[in-house]
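Written below as structure tokens is the structure these notes are about.
The values are calculated or read from the model by the stated rules, or taken from the named source; none is laboratory data. Note that this is a predicted model, so its numbers are computed, not measured. Don't worry about glycine lacking a Cβ; one is built from the backbone with ideal geometry, like all the others, and counts go over all protein chains shown. Heavy atoms of the whole protein, side chains included, go into the accessibility calculation; ligands, DNA and RNA do not. Shrake-Rupley method; radii C 1.70, N 1.55, O 1.52, S 1.80 Å.
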Amino acid sequence: MNDTPQPSADSSVTDVVEPADDVLTGSGLAAEKAKRLAKIAGIRADGREPYPYRFDRSHTLAEIRAAHGDIEAGAETDAHVAVAGRLMLKRDTGKLIFANLRDRSDQIQLFISKAEVGDDAFASIADLDLGDWIGVEGSVMATRTGELSIKVQSLVLLAKAVRPIPDKWKGLTDTDTRFRQRYADLIVNEDARRAFQVRHATIQSFRTTLSGRGYIEVETPVLHMEAGGAHARPFVTHHNTLDLDLYLRIALELHLKRLIVGGMERVFEIGRIFRNEGMSTRHNPEFTMMECYQAFADVSDIIALTEELITNAARDALGTTTIDLDGEMVDLAQPWRQVRMIDLVAEATGVEVHPSQPLEQLRSLAAQHGVSCAPRWGSGKIIEELFEALCEHTLVHPTFVTGHPVEISPLARVDRNDPQLTERFELFIVGREFANGYSELNDPVEQRTRFEDEQAAKDAGDDEATGVDEDYLRALEYGMPPTGGLGVGMDRVAMMLAGVSSIKEIILFPTLRPEVL
RNA sequence: GCGCCUCUAGCUCAACGGCAGAGCAACGGACUCUUAAUCCGCAGGUUCUGGGUUCGAAACCCAGGGGGCGCACCA
């Protein structure tokens, strides 16, 4: 960079190896880390390894509790076990140490007797810090007070923690720290661990249900030439070798339907999608969508599938289909309401609405209800806006809102009984959208017309409208069978089942502004 | 993007313009059945950052930063 001579190396090296005395005797974070690093040096000086490569575990802690949880107070068994986990609590009574060991499955007490392990080993165990990873061999017992414990015969350090874990009782409550340092959150907060277990069970349940119905799981590109399949502002990136701007996908839809054209008949993908929009308790810029497509099916099949997927997920993740929705216990196993969007708006306004009505009539209805309209909006868009403003938040119980206007549904097939509406639904629960599905438009000529309408909107300044996807049209020209399709916001389903109110609670590493370190 | 709230020891929180403190963790000591062990002792601070007001600011004012909530945006 410049010609300034660098400081000589030996001026900066000398005080790095041995921490200064005042750091070792203090008790701030720097002092704490220095002490623990000094312990590591001491362990190595003893010829022991603070970070060994592996440990043979015979049982998880839950397995031990399942097998021996009912032994009597004071009982000693000859069950010899090897367990591993993180040291969470330590109670040192002099010649006995009680410690709490936690692994992924459970937490169990360690009973460490100086007479049993010997003076040297006892001293090194007493020197362990909360947060250290350890491996233990011993026998299963219960203390005089009946606490299931492992009587330690030997203990090895598996990984030394240099940084202290948060408060053993209060945990970590600062949301900023919890989301930035999810590792620390997971160490101390049981609720966080549980939420991600529910998320896992939810996604696993979807896979099981779909697999059981003959769907196969596929992976389609994240980098798109054209960000289609939804109305959303995309993230733009650039491929250097091709010298090409690409978009991160905003939906899975168009590639999955190409596979239906190819004859795969039943496909699904659970994948990350990206929308360059605002963040809230219900929106993260990257989130997880499940989309599935089934040949020879229409919207009614997909409505039934949606109900089954979510009800099964509740059963698999929670063991019940009765869940708390905004303080009200609702059984998901009961049939879900179906109602047309135009009927909900009519109910809310007392006036019949339909996309065939003159634009001026709908504009004035919107104005009466405080909904302002952009000049380019057609009747269908105004009806949707009225629905969102007046009806959406009232839908607490699971409700399939159906019959969306054609104008706002460029990929959905027209209703067989009403050419101004589509065979489409959105699922709402506690006022939030969870899913979207329809009978898929498979007529290539009509799809081209719909795309051209989108293109016109885009040209008119709608930066969420999509352009014409020529390759998708080419695929449709080969013939797509009648098809029903579904998209489900997996984060929102997991939120509902985990009972959390922010999407950041159900995404391990939510998007945050950069931290100043 | 706008409004409101918030930021103090590693963690959880006090201090209402007047000496920055407690609990946990840490450190030293006692204790062979604890359960957030207990008891005694000791130590630990850029009060988010930068300005300003004041004899005196963690507190009040201004600007900036992080976070939360709401609104806006959002198939």
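Overview of results
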read-out	value
Residues (over 13 Å from A:Pro405 (Cα atoms) and either part of a loop (DSSP other than H, G, I, E, B) or open to solvent by 20 Å² or more (accessible area, probe 1.4 Å) (or both)) located in the stretch A:347-364	A:Glu347, A:Ala348, A:Thr349, A:Gly350, A:Val351, A:Glu352, A:Pro358, A:Leu359, A:Glu360, A:Gln361, A:Arg363, A:Ser364
Residue match in the stretch A:202-212 (condition: open to solvent by 60 Å² or more (accessible area, probe 1.4 Å) and not in a helix (DSSP H, G or I))	no
Some residue of the stretch A:274-284 being out of contact with any strand residue (DSSP E or B) (no Cβ under 8 Å at 6 or more places or on another chain), open to solvent by less than 50 Å² (accessible area, probe 1.4 Å) and either closer than 25 Å to A:Ile507 by Cα or not assigned by TED's automatic domain parsing to the domain that holds A:His224 (or both)	yes
Failed item in (1) open to solvent by 60 Å² or more (accessible area, probe 1.4 Å); (2) within 20 Å of the chain's Cα centre (by Cα); (3) of a type in the set (A, V, I, L, M, F, W, C), with A:Met225 passing the rest	(2)
Where a residue in the stretch A:457-485 is under 21 Å from A:Arg249 (Cα atoms) and its partner, wherever it lies, is hydroxyl-bearing (Ser, Thr, Tyr) and modelled with pLDDT under 85, with Cβ under 8 Å and at least six apart	A:Lys458/A:Thr466
Restricting the stretch A:255-284 to residues that are touching a Phe, Trp or Tyr at 6+ places or on another chain (Cβ under 6 Å) and closer than 19 Å to A:Ala494 by Cα, the residue that is nearest to RNA strand B (Cβ to nearest atom)	A:Phe274
Given (1) exposed (fewer than 15 other Cβ atoms within 10 Å of the Cβ); (2) among the hydrophobic types (A, V, I, L, M, F, W, C); (3) not in a helix (DSSP H, G or I), index of the condition A:Ala367 fails	(3)
3 or more residues surrounded by 23 or more Cβ atoms within 10 Å (Cβ to Cβ): qualifying helices (runs of 4 or more DSSP H) within the stretch A:419-517	A:490-498
First in the stretch A:496-517 and farther than 18 Å from A:Glu190 by Cβ and in contact (Cβ under 8 Å) with a residue 40 or more places away in the chain, second anywhere and in a loop (DSSP other than H, G, I, E, B) and more than 9 Å from RNA strand B (Cβ to nearest atom), Cβ under 8 Å, 6 or more apart	A:Met496/A:Val430; A:Ile503/A:Asn284; A:Ile507/A:Asn284; A:Pro510/A:Asn284; A:Thr511/A:Asn284; A:Thr511/A:Pro285
Qualifying position, being at pLDDT below 95, within 30 Å of A:Asp106 (Cα to Cα) and away from RNA strand B (no atom under 16 Å from the Cβ), among A:Arg57, A:Arg48	A:Arg48
Only listed residue being touching a residue at least 24 places away in the same chain (Cβ under 8 Å), away from RNA strand B (no atom under 14 Å from the Cβ), under 30 Å from A:Glu72 (Cβ atoms) and more than 29 Å from the chain's Cα centre (by Cα), chosen from A:Val117, A:Val136, A:Val140	A:Val136
Any chance A:Val156 is in a strand (DSSP E or B) and crowded, with 19+ Cβ neighbours inside 10 Å	no
Subset of the stretch A:286-325 [among the polar types (S, T, N, Q) and open to solvent by less than 40 Å² (accessible area, probe 1.4 Å)]	A:Thr288, A:Gln294, A:Thr306, A:Thr311, A:Asn312, A:Thr321
Those residues of the stretch A:232-253 which are near RNA strand B (Cβ under 9 Å from one of its atoms) and open to solvent by 80 Å² or more (accessible area, probe 1.4 Å), in sequence order	A:Arg233
Test result for A:Asn436, within 12 Å of RNA strand B (Cβ to nearest atom) and either under 26 Å from A:Gln294 (Cα atoms) or free of Cβ contacts under 8 Å to residues at least 40 places away in the same chain (or both)	yes
Subset tally (residues that are buried (at least 16 other Cβ atoms within 10 Å of the Cβ) and either part of a loop (DSSP other than H, G, I, E, B) or free of Cβ contacts under 8 Å to residues at least 60 places away in the same chain (or both)) for the stretch A:187-201	2
Scope the stretch A:92-114; condition farther than 18 Å from A:Gly135 by Cβ and either open to solvent by less than 30 Å² (accessible area, probe 1.4 Å) or more than 8 Å from RNA strand B (Cβ to nearest atom) (or both); matching residues	A:Ser113
Condition met for A:Thr173 (within 13 Å of RNA strand B (Cβ to nearest atom), assigned to a helix (DSSP H, G or I) and either open to solvent by 20 Å² or more (accessible area, probe 1.4 Å) or at pLDDT 95 or above (or both))	no
Residue in the stretch A:459-467 that is farther than 20 Å from A:Ala304 by Cα, at pLDDT 95 or above and aliphatic (A, V, I, L, M) present	no
